Every structure is written in structure tokens, then in C-alpha cells.
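Presented below is the structure to which this report refers.
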Amino acid sequence: MKKIALLITAALAGFAIAGAQDFQKATELAKQANEALTGGNAQTAIENFQAAAAEASQCTEEGAAGLVENCKKGLAQSYYSYANSLIEEGKLAEAIGQLVSATKTATEIEETELAEKAEEKTTQLHQAIANAKIKAAGLEKDAAAKLATYKEAVEHLDEVIAKDAENAKAFLQKGQVL
């Protein structure tokens, strides 16, 4: 009986130590993520914030929930920052994906200002892509390729209209393309 009690006590102590190490690991990952974000490496920040949040969500220590919340805030900001980097590189479609992630994460943690900024920028990118597609379609010689490019432009204009139903320019462009 004493052996069983001793084993249970040892196991609980082991779990407590392991849990403390997991929380420490999550804290260190969050710190590295913050450093990466402030250093301009949003991709690394995203990876580290995701890992830190996952690690912290498994912890039972006091402060673990707060760490998860802080990681999600950092994650939303990292998505937004990475999207801006992609825009500078001209990778607009990839930037939209990051902005969608920023909007989703920011909405989840009730960071409405960031969610609104990301949503607005997403709409602007859809408009920019639509404009580029319309221009490219106008230069296209092959009828099938021209039609496919116009179709892509309409898809982006539909996104703009879905997000901004009062955008007269998007409605006009869509009508012209159709």
C-alpha cells in the first residue's frame, strides 16, 4: 500500500514538473515570437506564436490562459505584418490569405480595430487584383484566356461587393466585364 501511495506521489510530482517545464517552454516560444515580430520576421513570429499557444493551452499553471490570449494577439498582428510584407513583394493573393487569418484571429479575441483594418485591406487587395485582371484580359489575344481572366476579375469584384455593398466602382466594373 505504501508503495502505491509513493508511486502516486512520485507520478503527481513528475506531472507537476513536466507541466512547469511545458509552461516555461511556451513562455520562451512566446518571447522568441515577440522578438521575431519586432525584428521584422513575421513568418517566424507566426510559427512561434502558434507553437507557444498550443503548448500553453495544454498547461494548467496559473497564467496559462493569459499566455494563450497574448499569443493569439501576437499571432493576429503577425499575420497582418506578414501580409504587408507580401504586398510589398507583389504577392497579393498570398497576402489576402494572411489578412483573412488576421481577421479571423483578431475577431476571435475581440481585437476589433485590427480585424477591421485587415478586412479593409483585404477588400482593397481584391479590388487591386480585379483591376489587374481586367487590364490583363484587355491585352489578351486568345479568346479563352481572355474569358478566363475576366472570370477571375469578376470573382474578385464579387468579394469587393460582398464586403462593401455600396462600392459603385466595383458594380460598374463588374457590369462592364460581364
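Annotations
- When I87 is tested against (1) assigned to a loop (DSSP other than H, G, I, E, B); (2) at pLDDT 90 or above, only condition (1) is not met.
- The one condition in (1) farther than 22 Å from E116 by Cα; (2) open to solvent by 40 Å² or more (accessible area, probe 1.4 Å); (3) polar (S, T, N, Q) that N48 fails to fulfil: (2)
- Residue among E120, E62, E116 that is outside any helix (DSSP H, G or I) and without any contact (Cβ under 8 Å) to a residue 40 or more places away in the chain: E62
- Checklist (1) open to solvent by less than 30 Å² (accessible area, probe 1.4 Å); (2) closer than 30 Å to K133 by Cβ; (3) within 10 Å of the chain's Cα centre (by Cα) applied to L75, failing item: (2)
- Of the listed requirements (1) over 21 Å from L178 (Cα atoms); (2) free of Cβ contacts under 8 Å to residues at least 12 places away in the same chain, A143 misses just one: (1).
- Selection status of I129, under 15 Å from the mean Cα position of the chain (by Cα), part of a helix (DSSP H, G or I), more than 19 Å from L37 (Cβ to Cβ) and β-branched (V, I, T): no
- Some residue of the stretch 131-152 being in contact with a Lys or Arg (Cβ under 6 Å, 6 or more places away or on another chain), among the acidic types (D, E) and under 23 Å from G90 (Cβ atoms): yes
- Candidates K141, K146, K117, filtered to the one that is under 23 Å from the mean Cα position of the chain (by Cα) and not acidic (D, E): K117
Let's see how each residue does on (1) more than 27 Å from S78 (Cβ to Cβ); (2) open to solvent by less than 70 Å² (accessible area, probe 1.4 Å):
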| position | (1), (2) |
| --- | --- |
| Q124 | no, no |
| I129 | no, yes |
| L147 | yes, no |
| E155 | yes, no |
| F171 | yes, no |
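- Consider the stretch 131-145 and keep the residues that are within 21 Å of Q98 (Cβ to Cβ) and of a type outside the set (S, T, N, Q). The one that is surrounded by the most Cβ atoms within 10 Å (Cβ to Cβ) is K133.
- Looking only at the stretch 85-113, residues that are within 12 Å of the chain's Cα centre (by Cα), surrounded by fewer than 20 Cβ atoms within 10 Å (Cβ to Cβ) and within 23 Å of A52 (Cα to Cα) come to 6 in all.
- Total residues in the stretch 139-169, condition in a helix (DSSP H, G or I) and acidic (D, E): 4
- The set of residues in the stretch 60-72 that are more than 11 Å from the chain's Cα centre (by Cα), of a type outside the set (S, T, N, Q) and open to solvent by 20 Å² or more (accessible area, probe 1.4 Å) comprises E61, E62, G63, A65, G66, L67, V68, E69.
The values are calculated or read from the model by the stated rules, or taken from the named source; none is laboratory data. Not measured: the values here are computed from a predicted model. Because the Cβ atoms are built from the backbone with ideal geometry, glycine has one as well, and the counts that use them run over all protein chains shown. Ligands, DNA and RNA are excluded from the accessible area calculation, which covers all protein heavy atoms including side chains. Shrake-Rupley method; radii C 1.70, N 1.55, O 1.52, S 1.80 Å.
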